[in-house]
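To keep things clear, I will list the structure first and then write my remarks on it.
Computed from the coordinates by the stated procedures, all read-outs in this text should not be read as laboratory data. Here the structure is a predicted model, which is why all the values come from computation and not from measurement. For neighbour counting, all protein chains shown are included, and Cβ atoms are generated from backbone atoms with ideal geometry for every residue, glycine included.
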Amino acid sequence: MTAVNQTADTTAKRGRTNWGSGLFLVIAHLAAVAALFFWSWPAVITAIVLYWVAGSLGIGMGWHRLLTHRGYKVPKVVEYFLTTCGTLSLEGGPIQWVVTHRIHHAHTDRVGDPHTPRDGGWWAHIGWILWGTAQNHSDSTVARYAPDLVKNRYYRWLNKFYYVPMLVLGVMLLIVGGWDVLLWGLFLRLTVALHATWLVNSATHLWGRTRFQTDDDSRNSWWVALLTFGEGWHNNHHAHPTSARHGLRWYEFDLNWLGIRALKLFGLAHGIKRVRFNRTASAWQLVRDPLRSER
Ligand SMILES: [Zn+2]
Ligand SMILES: [Zn+2]
């Protein structure tokens, strides 16, 4: 497939309305507002814990830095744990998500980018979910962008039935905690998390500072980083996509990086790629820890 065809493939679905996603998002937003009238401490704590499990362990550490960019390696059981946590964010299947994000990096802020603010701020935030490619890539696009994942049986299954862990969680929350815990732990938490993730596509390609000169509009945004456990250091990330570390200074909050360092502390992460400042060369450089096989 040529680059031109590839671009055509990724933009061909623009204009098709994703009614199912739209209806679900309306229900999720209404339920999130309803949650405010069912306040309780167990509900709030459940929401905070699940926000971290799905957003940090699942999306940031799992789907983004591990699956999409292969910024570090972990034993398969740990990888599957992290990537299964990612399904609790209800952002589609992991293979489709990775394909969308790899296309974003291949065509950032150019023709073919599924969610660039150059097509409009609201388009980049939510429009592409409702009327764009969303997470519905063709088999040929998937085979091109995620050949490493399509040959994995577990990911093929999880990609198809990504909503199953969320359904199980929802039933458990209702049985164990009641309606207040369900509304907060699932709907309000999920709605806030979706907007936080979408802000990485919209806000961090619009507002913030740049450390690196990249040929795209990526920016570093402290407040998006706070909402997403470190994913807001987006200019750092576009400059060095494979780095497992996004917040490069001590004041650049990056809990996902701390999570990866914690895995390393327990001997579970190796081959970690990270950007660090080389004083001698006076430049930021990508370095990699040894792989387990190299020790
Ligand atoms: Zn980006
Ligand atoms: Zn990325």
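Identify the single condition in (1) part of a helix (DSSP H, G or I); (2) away from ligand 1 (no atom under 11 Å from the Cβ) that Gly112 does not satisfy, given that it satisfies every other one.
(1)
For the stretch 166-207, give me each residue that is within 16 Å of ligand 2 (Cβ to nearest atom) and not aromatic (Phe, Trp, Tyr).
Residues satisfying the conditions are Ala196, Thr197, Leu199, Val200, Asn201, Ser202, Ala203, Thr204, His205.
Check Arg102, Arg118, Arg65 and return the single one that is farther than 23 Å from Asp139 by Cα, within 12 Å of ligand 2 (Cβ to nearest atom) and part of a helix (DSSP H, G or I).
So the residue among Arg102, Arg118, Arg65 that is farther than 23 Å from Asp139 by Cα, within 12 Å of ligand 2 (Cβ to nearest atom) and part of a helix (DSSP H, G or I) is Arg65.
When you go through Thr191, Thr242, Thr204 one by one, which is the residue that is polar (S, T, N, Q), under 21 Å from the mean Cα position of the chain (by Cα), outside any strand (DSSP E or B) and buried (at least 22 other Cβ atoms within 10 Å of the Cβ)?
Unique residue meeting the criteria: Thr204.
Looking at the stretch 208-230, which of the residues that are away from ligand 2 (no atom under 15 Å from the Cβ) and closer than 30 Å to Phe37 by Cα is surrounded by the most Cβ atoms within 10 Å (Cβ to Cβ)? Steps first, answer last, please.
Taking the stretch 208-230 as the starting set, the residues that turn out to be away from ligand 2 (no atom under 15 Å from the Cβ) are 208-211, 213, 215, 222-223, 226-227.
Checking the rest, the ones that are also closer than 30 Å to Phe37 by Cα come to 223, 226-227.
Details: Trp223: 13, Leu226: 13, Leu227: 21.
Here the residue is Leu227.
Of these, Ala124, Ala134, Ala47, Ala54, which one is within 16 Å of ligand 1 (Cβ to nearest atom) and either within 17 Å of the chain's Cα centre (by Cα) or assigned to a helix (DSSP H, G or I) (or both)?
After applying the criteria, what remains is Ala124.
Pairs, please: C-beta under 8 Å, at least 6 apart or cross-chain, first residue under 15 Å from Phe253 (Cβ atoms) and more than 12 Å from ligand 1 (Cβ to nearest atom) and in the stretch 203-228, second outside any helix (DSSP H, G or I) and among the acidic types (Asp, Glu)?
Hits for this filter: Trp222/Glu252; Ala225/Glu231; Ala225/Glu252; Ala225/Asp254.
Mind listing just one residue for me: the one in the stretch 68-86 that is within 26 Å of Val275 (Cβ to Cβ), in a helix (DSSP H, G or I) and away from ligand 1 (no atom under 16 Å from the Cβ) and, of those, nearest to the chain's Cα centre (by Cα)? Steps first, please.
Step one: of the stretch 68-86, the residues within 26 Å of Val275 (Cβ to Cβ) are 68-75, 78-79, 82-83, 85-86.
Those left that are additionally in a helix (DSSP H, G or I): 68, 78-79, 82-83, 85-86.
Those still in the list that are away from ligand 1 (no atom under 16 Å from the Cβ) too: 78-79, 82-83, 85-86.
Numbers: Val78: 18, Glu79: 15, Leu82: 12, Thr83: 11, Cys85: 12, Gly86: 8 Å.
Here the residue is Gly86.
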